[in-house]
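Some notes on the structure that comes next.
The values are calculated or read from the model by the stated rules, or taken from the named source; none is laboratory data. In this text, all values refer to a predicted model and were calculated from it rather than measured experimentally. A quick note on method: Cβ atoms are made from the backbone with ideal geometry, for glycine too, and the neighbour counts reach across all protein chains shown. When the accessible area is computed, the model is the full protein with side chains, heavy atoms only, and any ligands, DNA or RNA have been set aside. Shrake-Rupley method; radii C 1.70, N 1.55, O 1.52, S 1.80 Å.
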Amino acid sequence: MRMKLILAALAVTASVPATAQLAPGKVAPDFTTQGALAGKEFRLNLKQQLKKGRTLVLYFYPMSFTPGCSAEAQAFAAATPAFRKAGAIVIGMAADPIDKLKEFSTKDCASKFAVAQATPAIIDGYDVALTRNGAKTAMTSRTSYVIAPDGKVLYAHSEMSPANHVKNTLAAAQAYKTRKR
């Protein structure tokens with residue numbers, strides 16, 4: 001029930017289209033950055049996450065503790081059991097300072113999934129720079145990738161509205177699990 005309420009609230013958000021440049025089949029760029037889970041800081045490396053053999057949902061969001069980003073994180077947190085059942089883990093990425101991410105990981109993420117710093121190199125590698133008036137900002141666009149354990153992008157979704165990111169990435173993770181059986 002709570003998940004339905006969160007998704008309904010997300011659907012109200014206005015949609016501004018964007019495009020993800022890493023198309024399905026492309027290899028996701030490796031990176032190492034600082035992350036946080038349940039308020040604890042750790043070093044996050046993409047290849048190490050993929051070595052666990054699970055599908056990875058890597059979702060970029062503009063800024064922690066803004067209405068859309070908080071609603072999206074809460075929706076991902078509520079859907080964590082469904083992602084696990086689909087063999088997937090979720091990692092959120094924003095260009096926020098680590099102290100802000102540590103707090104966000106406990107509050108809006110409910111200590112259910114990690115969030116990590118999207119450095120300028122990561123933002124460029126995933127082509128997720130948020131642009132305003134034609135100029136890049138230091139924030140990321142709202143873009144979600146589903147990445148297979150072999151590092152290839154399975155699915156990409158860019159839309160400034162957070163409404164469809166959870167359901168679309170979950171559907172992609174479930175479809176991948178079904179295909180590989």
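Per-residue answers, yes or no, for (1) crowded, with 22+ Cβ neighbours inside 10 Å; (2) hydrophobic (A, V, I, L, M, F, W, C); (3) in contact (Cβ under 8 Å) with a residue 60 or more places away in the chain:
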position	(1), (2), (3)
86	yes, yes, yes
94	yes, yes, no
99	no, no, no
102	no, no, yes
112	no, no, no
121	no, yes, yes
129	no, yes, no
134	no, no, no
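Over 21 Å from residue 34 (Cα atoms), among the charged types (D, E, K, R) and modelled with pLDDT of 95 or more: is that true of residue 84 in this structure? Reasoning before the result, please.
On the way: over 21 Å from residue 34 (Cα atoms): yes; among the charged types (D, E, K, R): yes; modelled with pLDDT of 95 or more: yes.
Considered against the rule, which asks whether it is over 21 Å from residue 34 (Cα atoms), among the charged types (D, E, K, R) and modelled with pLDDT of 95 or more, residue 84 comes out as yes.
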How many of the residues making up segment 158-171 are at pLDDT 95 or above and surrounded by fewer than 22 Cβ atoms within 10 Å (Cβ to Cβ)? 4
Of everything in segment 159-181, what is under 11 Å from the mean Cα position of the chain (by Cα) and either over 20 Å from residue 25 (Cα atoms) or part of a strand (DSSP E or B) (or both)? Give them in sequence order. 162, 166
Restricting to segment 55-83, and then to whatever is over 15 Å from residue 168 (Cα atoms) and not in a helix (DSSP H, G or I), can you tell me which residue is nearest to the chain's Cα centre (by Cα)? 61
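Which of the residues spanning segment 8-54 are part of a helix (DSSP H, G or I), open to solvent by less than 50 Å² (accessible area, probe 1.4 Å) and at pLDDT below 50?
So in segment 8-54, the residues part of a helix (DSSP H, G or I) come out as 8-11, 46-50.
Filter once more, so that each one left must be open to solvent by less than 50 Å² (accessible area, probe 1.4 Å): 10, 46, 49-50.
Within segment 8-54, 10 is the sole residue that qualifies.
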Kindly evaluate residue 103 against the criterion of being more than 22 Å from residue 31 (Cβ to Cβ) and of a type outside the set (Lys, Arg). yes
Any chance residue 88 is on the phi < 0 side of the Ramachandran plot and not charged (D, E, K, R): yes
Answer yes or no as to whether residue 145 is under 11 Å from residue 59 (Cβ atoms) and of a type in the set (Ser, Thr, Tyr). yes
Testing residue 73 on (1) of a type in the set (A, V, I, L, M); (2) open to solvent by 40 Å² or more (accessible area, probe 1.4 Å); (3) in contact with a Cys (Cβ under 7 Å, 6 or more places away or on another chain), one condition comes back false. Which one is that? (2)
